[in-house]
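These notes are about the structure you will find just below.
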Amino acid sequence: MTAGRAKLDWGRRAVLTLPFVWLLAFFLLPFIIVAAISLAESRVGIPPYVPLFDWTQGGVWPASHASLDNFVQLFQDDLYVDAYLHSLSVAGISTAICLLIGYPMALAIARAAPARRGPLLMLVVLPFWTSFLIRVYAWMGILKDEGLLNSLLQGLGLIDQPLVILNTDLAIYIGIVYSYLPFMILPLYATLERQDPALLEAAADLGARPWRAFLSVTLPLSLPGIVAGTLVVFIPAVGEYVIPDLLGGSGSNMLGKALWDVFAMSRDWPTAAALAVAMLAALVLPLGLLNRLQRRLEPAEEGA
Amino acid sequence: MTRRPLLLPVLLNLGYAFLYLPIAVLVVYSFNASRLVTVWGGFSTKWYAQLAHDERFLDAAWLSLRVAVTSATGALVIGTLAAVVLVRFGAFRGRGLFSALVAAPLVMPEVIMGLALLLTFVALEQILGWPHGRGFLTLVIAHVTLCTAFVAVVVRSRLSQMDRSLEEAALDLGARPAKVFAVITLPLIAPALAGGWLLAFTLSLDDVVVSQFVTGPGTTTLPIEVFSSIRLGVSPEINALGSLIVAAVSVVILTASWLLTRGEAERD
């Protein structure tokens, strides 16, 4: 293999070009454009936006219309500040519940007989292959006031009044946990499955009870999986739009929904872009952490 | 061996119940003659019949299928190339950026990607006059970008686990790298390619958020149609549609895994 940071030969460059150019044009460039348009003048109802620079005035430098006004407005508007904090808290709580449900499942699969692990894991991933939208929709029928859960509980005589779950934060937690659970379990399983069972046997020989062995051996060793799973769930959950819209009802104020409303209803693209930049700002740290973690988990390839 | 703990399997089964009960409910109620979720009005397939005659859903489904096949194929090519670069090229200038770009769409909130792509299409149209308007082409570009990351993950893990000795032997015998890739590597990673394509196809077929941003008037994909009819209220037709998707996915996945395990058994 080529040594060090050597330049690639032309054949390899040809292989690299298509994916690199595509990702630069349709992934990196879009972010630069969003950042630029977030500085454009906000105008309700007149998409796309006022150009950032005006070349018609003559002179060497164009007249600039760029400003941070959109961001100032976001921070002054309680609605957006509230959406921001609410999104982070909903994503945080859902991620925590996901970890609490996903960890025992991942551990149970990792401790199962090797031949059964594949099918068990497959059962976790299978729902992910069916339509996300339809699975969220199924929960609407279950959680409604006159839905399946309430009629079941009332039929059993456990409650008199229907529990109001749909159109509350609880319904959003359920929706996010349900949709993202496989993403939590997969990285957890990957680290748990790699653990040497001899470690636990050693702990048992030294007199540790199973719980103690779990807390001082299994749990700390699975930390990379916990961090990866947490980030993989948390980051997209912050911007989640479909789940709050369908399960959280009109009262749920979250960033993803606010962004869509500003974009589609008010047709104010610069403010929508500013919201996207603000959302990204909250995610830069988790994204960077995830990127570092992924690179540390792939040492076998780096040396290739 | 220590005694087998009971707690873990119980929790695991509760987890599976959580994952599968909503789907089971959906399928059962798709055969409910009553419009109400809580009332069982007897067995009926009328929602399926109604669905089969609903032009909106049929048109949207046909469009979604075409978008998904095109996008999955594009994502397969780009994602596979990206995986080859990441697994086989070692260190090169720009590797850090490249690897971050390949992985980021996996977790990037869809509203951000959707808005960013739409603004890019608008800007490109203003400057270059391309892509003209929004519709099939912009949907495909957006879906390829979204799905490439998933294909890359699947192909990458297969490539890095692969036994290199066959490739090395071919290289030693004087075959060109491109030929080795076509004749030896591709067949060896074929299961991952099929899996990656299917994953991309499913993701494209299922995407609502990015599609809503980048599509234009008159180009309505199935998820967008479903989303807007769900927002108007619960409709038993959606139950029928959901059950059909569940059935199709189960058949494809079970067949694929049967083929895969059979293939592995033959090789061993």
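The values are calculated or read from the model by the stated rules, or taken from the named source; none is laboratory data. The model shown is predicted, which means the values in this text are computed figures rather than measured ones. Note that each Cβ is placed from the backbone with ideal geometry, even for glycine, and that neighbours are counted across all protein chains shown.
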Checklist entry - Taking the stated definitions as given, is B:Leu63 away from every other protein chain (no Cβ under 14 Å), under 26 Å from B:Val208 (Cβ atoms) and surrounded by 15 or more Cβ atoms within 10 Å (Cβ to Cβ)? => result yes
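Can you tell me how many residues within the range B:181-211 are farther than 18 Å from B:Thr70 by Cα and not small (Gly, Ala, Ser)? I'd like the intermediate steps shown before the answer.
Residues of the range B:181-211 farther than 18 Å from B:Thr70 by Cα: B:181-192, B:209.
Adding the requirement that they be not small (Gly, Ala, Ser) leaves B:181, B:183-189, B:191, B:209.
Total satisfying the criteria: 10.
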Item to check | Residue count for the range B:39-67, restricted to those that are within 16 Å of B:Ile230 (Cα to Cα) and in a loop (DSSP other than H, G, I, E, B) | outcome: 1
Item to check | Unmet criterion (only one of (1) buried (at least 18 other Cβ atoms within 10 Å of the Cβ); (2) assigned to a helix (DSSP H, G or I); (3) more than 11 Å from chain A (Cβ to nearest Cβ)) for B:Leu186 | outcome: (1)
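Table: residues versus (1) more than 13 Å from every other protein chain (Cβ to nearest Cβ); (2) in a loop (DSSP other than H, G, I, E, B); (3) small (Gly, Ala, Ser).
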| residue | (1), (2), (3) |
| --- | --- |
| A:Asn150 | no, no, no |
| A:Ile159 | yes, yes, no |
| A:Leu166 | no, yes, no |
| A:Leu170 | yes, no, no |
| A:Phe183 | no, no, no |
Next on the checklist: Is it the case, given these coordinates, that B:Leu8 is buried (at least 20 other Cβ atoms within 10 Å of the Cβ) and at the interface with chain A (Cβ under 7 Å from one of its Cβ atoms)?
Outcome noted: no
Checklist entry - Does the range B:150-173 hold any residues that are facing another protein chain (nearest Cβ under 10 Å), in a helix (DSSP H, G or I) and without any contact (Cβ under 8 Å) to a residue 24 or more places away in the chain, and which are they? => result B:Gln161
Checklist outcome for this item: Exception for A:Ala237 within (1) more than 24 Å from the chain's Cα centre (by Cα); (2) under 16 Å from A:Ala91 (Cβ atoms) falls at (1)
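Here are some residues: B:Pro191, B:Pro236. Which one is of a type outside the set (Lys, Arg) and in contact with a strand residue (DSSP E or B) (Cβ under 8 Å, 6 or more places away or on another chain)?
Working: B:Pro191 fails: in contact with a strand residue (DSSP E or B) (Cβ under 8 Å, 6 or more places away or on another chain).
Residue meeting the stated conditions: B:Pro236.
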Next on the checklist: Checking the structure you have, find out if any residue of the range B:245-256 is part of a loop (DSSP other than H, G, I, E, B) and either among the hydroxyl-bearing types (Ser, Thr, Tyr) or more than 28 Å from B:Leu19 (Cβ to Cβ) (or both).
Outcome noted: no
Checklist entry - Within the range B:70-93, how many residues are surrounded by fewer than 19 Cβ atoms within 10 Å (Cβ to Cβ), within 7 Å of chain A (Cβ to nearest Cβ) and part of a helix (DSSP H, G or I)? => result 0
Next on the checklist: Given the criteria more than 11 Å from every other protein chain (Cβ to nearest Cβ), free of Cβ contacts under 8 Å to residues at least 60 places away in the same chain and either in a helix (DSSP H, G or I) or surrounded by fewer than 17 Cβ atoms within 10 Å (Cβ to Cβ) (or both), does A:Leu192 qualify?
Outcome noted: no
Item to check | Number of the condition not met by A:Ile243 [criteria: (1) touching a helix residue (DSSP H, G or I) at 6+ places or on another chain (Cβ under 7 Å); (2) within 30 Å of B:Val84 (Cα to Cα)] | outcome: (2)
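Right, A:Gly251: buried (at least 23 other Cβ atoms within 10 Å of the Cβ) and not hydrophobic (A, V, I, L, M, F, W, C) or not?
Numbers: buried (at least 23 other Cβ atoms within 10 Å of the Cβ): no; not hydrophobic (A, V, I, L, M, F, W, C): yes.
So A:Gly251 does not fit the description; no.
Among the candidates A:Gly229, A:Gly256, which residue alone is surrounded by 15 or more Cβ atoms within 10 Å (Cβ to Cβ), within 30 Å of A:Pro114 (Cβ to Cβ) and in contact with a Gly (Cβ under 7 Å, 6 or more places away or on another chain)?
Numbers: A:Gly256 fails: within 30 Å of A:Pro114 (Cβ to Cβ).
Going through A:Gly229, A:Gly256 in turn, just one is surrounded by 15 or more Cβ atoms within 10 Å (Cβ to Cβ), within 30 Å of A:Pro114 (Cβ to Cβ) and in contact with a Gly (Cβ under 7 Å, 6 or more places away or on another chain): A:Gly229.
Quick check on this structure: which one of A:Leu18, A:Leu29, A:Leu39, A:Leu8 is closer than 16 Å to B:Leu86 by Cα and at pLDDT 80 or above? Spell out how you get there, then give the answer.
Details: A:Leu29 fails: closer than 16 Å to B:Leu86 by Cα; A:Leu39 fails: closer than 16 Å to B:Leu86 by Cα; A:Leu8 fails: at pLDDT 80 or above.
After ruling out the rest, the residue left standing is A:Leu18.
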Item to check | Breaking point among (1) more than 7 Å from chain A (Cβ to nearest Cβ); (2) within 30 Å of A:Leu255 (Cβ to Cβ); (3) touching a residue at least 12 places away in the same chain (Cβ under 8 Å); (4) not aliphatic (A, V, I, L, M), for B:Gly96 | outcome: (3)
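Determine if the range B:122-133 includes at least one residue that is surrounded by fewer than 21 Cβ atoms within 10 Å (Cβ to Cβ) and in contact (Cβ under 8 Å) with a residue 40 or more places away in the chain. Can you show your working first?
Quick first cut of the range B:122-133, residues surrounded by fewer than 21 Cβ atoms within 10 Å (Cβ to Cβ) only: B:122-133.
In the following step, the residues that additionally are in contact (Cβ under 8 Å) with a residue 40 or more places away in the chain were identified as B:133.
Yes, because at least one residue in the range B:122-133 is surrounded by fewer than 21 Cβ atoms within 10 Å (Cβ to Cβ) and in contact (Cβ under 8 Å) with a residue 40 or more places away in the chain.
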Checklist entry - A:Val177 passes all but one of (1) farther than 16 Å from B:Gly15 by Cβ; (2) touching a Ser or Thr at 6+ places or on another chain (Cβ under 6 Å); which number fails? => result (1)
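Which ones in the range B:113-149 are among the β-branched types (Val, Ile, Thr) and more than 9 Å from chain A (Cβ to nearest Cβ)? Write out each step before concluding.
If we filter the range B:113-149 for residues that are among the β-branched types (Val, Ile, Thr), which is where we start, we get B:120, B:122, B:127, B:138, B:140-141, B:144-145, B:148.
Of everything in the range B:113-149, those that are among the β-branched types (Val, Ile, Thr) and more than 9 Å from chain A (Cβ to nearest Cβ) turn out to be B:Ile127, B:Thr138, B:Val140.
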Next on the checklist: Can you tell me which condition B:Pro177 does not meet? The list is (1) in contact with an Asp or Glu (Cβ under 8 Å, 6 or more places away or on another chain); (2) facing chain A (nearest Cβ under 8 Å), and all the others hold.
Outcome noted: (1)
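If a residue has to be assigned to a loop (DSSP other than H, G, I, E, B) and at the interface with another protein chain (Cβ under 9 Å from one of its Cβ atoms) to count, how many in the range B:18-38 make the cut? Break it down stepwise before answering.
Filtering the range B:18-38 for residues assigned to a loop (DSSP other than H, G, I, E, B) gives B:30-31, B:33-38.
Within this subset, residues satisfying the condition of being at the interface with another protein chain (Cβ under 9 Å from one of its Cβ atoms) are B:36-38.
Residues in the range B:18-38 being assigned to a loop (DSSP other than H, G, I, E, B) and at the interface with another protein chain (Cβ under 9 Å from one of its Cβ atoms): 3 in total.
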Checklist entry - Quick check, is B:Asp54 under 28 Å from A:Lys257 (Cα atoms), more than 18 Å from the chain's Cα centre (by Cα), surrounded by fewer than 23 Cβ atoms within 10 Å (Cβ to Cβ) and among the acidic types (Asp, Glu)? => result no
